[in-house]
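The structure appears right after this line, and notes come after that.
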């Protein structure tokens, strides 16, 4: 977990004054299940990337995909979206 | 004991005119030169915003008057306007305040310095347009500063001070006044000249927090990792406002020649027992105390002006030497260990070394008159409590069986 700001450092009224600052927000602790991908048979179709509601699946330059666990809340949508059923949600 | 508040010599010129409490508020809002008013009419508050809309229509007040379809929207519009840096005012009563309820918490947490007159009226059912304090008491945890005015003059002065308090602390302020008794009764009111008011609260807009030149999001989600810290900011501001409000009272007293403090103490110096009230009943309580004094009884009266933040330290000082206090609630907490004002007073006095016996009364619900005889009865019960060293369960004064 990254360092969380204290009440004195948060802008007045809990406002957000920095654009794009959700990049700093680590949601790992929300997760009960973590996606595990069997990469050997991945066709790089991108369905997991398309469906992930938290943009936790990131496209790499070689066309493959990686899970950024800092943003993954463990919802399991990628598991359902994977046509070849290569993603398994495993308990943390 | 703290030094007694002193009135200075009023600056500028003063006009003495007859005004109702509601019109006194409208004049204060006009002199405060507000930028935006968003309100929905509701008895007994209506004549405040009616007068203000007349002032705007006559170009006596250069403000945006937003007609909304409900109090929920009125408060929402006020928050939005306040975020742009505008000076904002609204007024409501009873059901209207309840309808605003969820938005009240947002106003305080977003730190928008909205000033609102709340003309105290009973909550339905049965439908009742008369005075008690159930509307404000239901919102006492909303994070709003709550100040109570006991006369038209106080309604005027408190409204002027409310803008200063709100904008300095960046917290919303509710100016409470009793429906009809204050709102519709005409009294002589000393109006300062608008130049003096302008010097006291210059109409300088605050920064525009929602300017398109800024990257700014407000009213965002506060997940469990952040809500607590975000909420605490307004709790901290409320705590800090305690001292600042006192300084503002002192400054106002000096500049406008009045006497305001967190609480008004009457004959407390040598009192053995006292009644504690809020709002306009102070006058009747004083008459009752005066009659008892004429008979050699040592009765006193305490009237709370600042209810949020609760002036616990001032109260502790004021009650020193008292054997008993009768606390008169004008609202009920059904099923609670006591009624709202009593609960706060007893919590504040819990730490007192030799605390007085506390007796709870409920009186005047739904505009029922609280007569001098009722007060004499409450004094008598409080005196008995002082003698016996113990109190009775809550007494519902004037209730027919």
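Just the residues that are surrounded by 13 or more Cβ atoms within 10 Å (Cβ to Cβ) and away from every other protein chain (no Cβ under 11 Å), please, taken from segment A:1-27. Scanning segment A:1-27 gives no hits.
Is it fair to say residue B:225 is farther than 21 Å from residue B:8 by Cα, within 14 Å of chain A (Cβ to nearest Cβ) and modelled with pLDDT of 95 or more?
So residue B:225 does not fit the description; no.
For segment A:49-66, the set of residues classified as touching a helix residue (DSSP H, G or I) at 6+ places or on another chain (Cβ under 8 Å) and either more than 18 Å from residue A:33 (Cβ to Cβ) or buried (at least 18 other Cβ atoms within 10 Å of the Cβ) (or both) consists of A:50, A:52, A:57, A:58, A:59, A:64, A:65, listed by residue number. Restricting segment B:250-290 to residues that are in contact with a strand residue (DSSP E or B) (Cβ under 7 Å, 6 or more places away or on another chain) and part of a helix (DSSP H, G or I), the residue that is nearest to residue B:311 (Cα to Cα) is B:282. Checking the stated criteria, residue B:140 turns out to be assigned to a loop (DSSP other than H, G, I, E, B), touching a residue at least 60 places away in the same chain (Cβ under 8 Å), more than 14 Å from chain A (Cβ to nearest Cβ) and touching a strand residue (DSSP E or B) at 6+ places or on another chain (Cβ under 9 Å). Candidates B:192, B:113, B:202: the one that is more than 14 Å from every other protein chain (Cβ to nearest Cβ) and touching a residue at least 40 places away in the same chain (Cβ under 8 Å) is B:192. The single condition among (1) in contact (Cβ under 8 Å) with a residue 60 or more places away in the chain; (2) surrounded by fewer than 19 Cβ atoms within 10 Å (Cβ to Cβ); (3) within 14 Å of chain A (Cβ to nearest Cβ) that residue B:234 does not meet is (2). Total residues in segment B:59-75 satisfying the condition of being in contact with a strand residue (DSSP E or B) (Cβ under 8 Å, 6 or more places away or on another chain), in a helix (DSSP H, G or I) and surrounded by fewer than 21 Cβ atoms within 10 Å (Cβ to Cβ): the figure is 1.
Summed over segment B:35-48, the residues that are in contact (Cβ under 8 Å) with a residue 60 or more places away in the chain and surrounded by 24 or more Cβ atoms within 10 Å (Cβ to Cβ) give a count of 3.
Close Cβ contacts (under 7 Å, 6 or more residues apart or on different chains) running from residues in segment B:56-69 that are in the same structural domain as residue B:30 (by TED's automatic domain parsing) to residues that are part of a loop (DSSP other than H, G, I, E, B) comprise B:56/B:63; B:63/B:34; B:63/B:35; B:64/B:35; B:68/B:40.
For segment A:72-85, a residue qualifies if it is within 12 Å of residue A:34 (Cβ to Cβ) and assigned to a loop (DSSP other than H, G, I, E, B), and the qualifying residues are A:72, A:73, A:74, A:75, A:76. Screening the candidates B:354, B:323, B:297 for the property of being surrounded by fewer than 18 Cβ atoms within 10 Å (Cβ to Cβ) and touching a helix residue (DSSP H, G or I) at 6+ places or on another chain (Cβ under 9 Å) yields one hit, B:297.
The values are calculated or read from the model by the stated rules, or taken from the named source; none is laboratory data. Treat the numbers as computed from the prediction; the structure is a model and nothing was measured. As a convention, Cβ positions derive from the backbone with ideal geometry for all residues, glycine included, and neighbour counts pool all protein chains shown.
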